[in-house]
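Note sheet for the following structure.
The values are calculated or read from the model by the stated rules, or taken from the named source; none is laboratory data. This structure is a prediction, so every number in the text was calculated from the model and none was measured. Here the Cβ positions follow ideal geometry from the backbone for every residue, glycine too, while neighbour counts run over all protein chains shown. The protein model used for the area step is the full one, side chains on, heavy atoms only, and it has no ligands, DNA or RNA in it. Shrake-Rupley method; radii C 1.70, N 1.55, O 1.52, S 1.80 Å.
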Amino acid sequence: MECQRINSHLPDFVVSGLLWVWESLSVATCCRSLVIVYDNQFILQTGFAAATSTNDWKTVPVDVHNLTRASLYQSVSKSGSQSYWANLSLYPGKSELPFLPSNTQAVIL
């Protein structure tokens, strides 16, 4: 399911920039979901997202508290460098990203 959630406290020029980044990524790459969490704050969730278990046409929001406590996030935070999982289904961390569609194949953190 498609969604677009943006932190309501962001200035308009930041929102415009983020939406431009999303448009560029989605047109130029095979990226279909984008989630931005910065300094333990939710910034953006756009593109495809997992549907809620009630299947009421709603999507699973990013739970920043749980995400930042998860092992995938912690390892990236500690290393200070990005991590790329080319086959997400092989990693137990997929359960740490419940807001992504179930058929998500790869993730860059």
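Take 96-102, 17-23, 27-33 and order them by the average number of nearby Cβ atoms within 10 Å per residue, most first; the result is 96-102, 17-23, 27-33. Subtracting the Cα-Cα distance of Lys58 and Ser79 from 0.36 nm times their residue separation leaves 4.1 nm of extension gain.
Taking mean projected area of the Cα convex hull in nm² as calculated from this structure, the corresponding entry among (i) 7.8; (ii) 9.5; (iii) 7.3 is (iii).
Remark: the chain carries 67 Å² of accessible area per residue (probe radius 1.4 Å; ligands, DNA and RNA excluded). Averaging Cα coordinates gives a centre for region 84-109 and one for region 15-54; these two points are 15 Å apart. For Leu100, the residues 5 or more places off, or on other chains, whose built amide H falls under 5 Å of its own are Ala50.
For the pair Ile6 and Asn40 in one chain, pulling the backbone fully straight at 0.36 nm per residue adds 10.8 nm over the alpha carbon distance. The charge dipole of the chain, taken about its Cα centre with unit charges on the Cβ of Lys, Arg, Asp and Glu (plus for the first two, minus for the last two), comes to roughly 260 debye.
Label zone of Val14 (point 7 Å out along Cα→Cβ, amide N under 14 Å): in region 34-52 this covers 36-45. Here the chain exposes an accessible surface that is 56 percent carbon and sulfur, computed with a 1.4 Å probe and the other protein chains kept in place. Summing Lys and Arg as +1 and Asp and Glu as -1 over all other residues whose Cβ lies under 14 Å from the Cβ of Gln4 gives a net charge of +1.
Applied to region 22-28, the Karplus parametrisation 6.51 cos²θ - 1.76 cosθ + 1.60 on θ = phi - 60° returns per-residue 3J(HN,Hα) values of 4, 4, 5, 4, 6, 7, 8 Hz, with x for Gly and Pro.
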